[in-house]
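Q: My questions will all concern the structure given below.
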Amino acid sequence: MDVSGKVRSPGIQRLPAGSRVADALRAAGGIKAGVDAVGLNRARVLTDGEQVVVGEPPAPQSAVGGGAAPAGGTGPPTGAAAAPVSLSTATAEQLNTLPGVGPVLAQHIIDYRTQHGGFGSVGELREVNGIGDRRFSDLQPLVQP
């Protein structure tokens, strides 16, 4: 996890699988005094490679739809509408910007498109190893074939 923003010890924190935002905050020394953390969902389960940003405005959107999730990573990036990430052409680095997608899942997406000649529809993402219903629903509005 990358815990940044208004915490006492920002940086990379190694946490066990199933850790929650509260665990990441504790590992980073806690939130600095006076920081508004009302929108921070401390009970949310984290995913590998995620960034938790505390007390900072959302990062500007990139052309590939990436960026940090605001207020402790409570959901997908917000802000100006960004171009959806192309499942058929995105690099592993671009895929890693998507919520819940780390290096392993990005490689599964690349392997699938290599074996199948790309993606004919966003729905094919469900056939990728590691994409369940919940992850698919999170990714569906952020990607295109």
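The values are calculated or read from the model by the stated rules, or taken from the named source; none is laboratory data. Computed from a prediction, not measured in an experiment: that's the story for all the values here. A quick note on method: Cβ atoms are made from the backbone with ideal geometry, for glycine too, and the neighbour counts reach across all protein chains shown. Protein only, heavy atoms only, side chains kept; ligands, DNA and RNA dropped before computing areas. Shrake-Rupley method; radii C 1.70, N 1.55, O 1.52, S 1.80 Å.
Q: Is there a residue being in a loop (DSSP other than H, G, I, E, B), within 21 Å of V101 (Cα to Cα) and open to solvent by 90 Å² or more (accessible area, probe 1.4 Å) anywhere in the range 3-10? Steps first, answer last, please.
A: To start, the set of residues in the range 3-10 that are in a loop (DSSP other than H, G, I, E, B) comprises 6, 8-10.
Subset that is within 21 Å of V101 (Cα to Cα): none.
There is no residue in the range 3-10 that is in a loop (DSSP other than H, G, I, E, B), within 21 Å of V101 (Cα to Cα) and open to solvent by 90 Å² or more (accessible area, probe 1.4 Å).
Q: While we're on this one: So, of the residues in the range 17-47 that are within 20 Å of G100 (Cα to Cα) and at pLDDT 90 or above, which turns out to be surrounded by the most Cβ atoms within 10 Å (Cβ to Cβ)?
A: To start, the set of residues in the range 17-47 that are within 20 Å of G100 (Cα to Cα) comprises 17-25, 39-47.
Okay, now just the ones that are also at pLDDT 90 or above, so 22-25.
On the way: A22: 15, D23: 17, A24: 24, L25: 22.
The extreme case among them is A24.
Q: Let me ask something else about it. Is it true that P58 is more than 27 Å from I110 (Cα to Cα), at pLDDT below 80, open to solvent by 50 Å² or more (accessible area, probe 1.4 Å) and not aromatic (F, W, Y)? It would help to see each step written out before you state the result.
A: Details: more than 27 Å from I110 (Cα to Cα): yes; at pLDDT below 80: yes; open to solvent by 50 Å² or more (accessible area, probe 1.4 Å): yes; not aromatic (F, W, Y): yes.
Judged against the criteria, P58 is a match.
Rundown of residues vs (1) at negative phi; (2) open to solvent by 50 Å² or more (accessible area, probe 1.4 Å); (3) in contact with an Asp or Glu (Cβ under 8 Å, 6 or more places away or on another chain); (4) not in a loop (DSSP other than H, G, I, E, B), yes/no style:
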residue: E93; (1), (2), (3), (4): yes, yes, no, yes
residue: P99; (1), (2), (3), (4): yes, no, yes, no
residue: L105; (1), (2), (3), (4): yes, no, no, yes
residue: I109; (1), (2), (3), (4): yes, no, no, yes
residue: G120; (1), (2), (3), (4): yes, yes, no, no
residue: L125; (1), (2), (3), (4): yes, no, no, yes
residue: G130; (1), (2), (3), (4): no, no, no, no
residue: R135; (1), (2), (3), (4): yes, yes, no, yes
residue: D138; (1), (2), (3), (4): yes, yes, no, yes
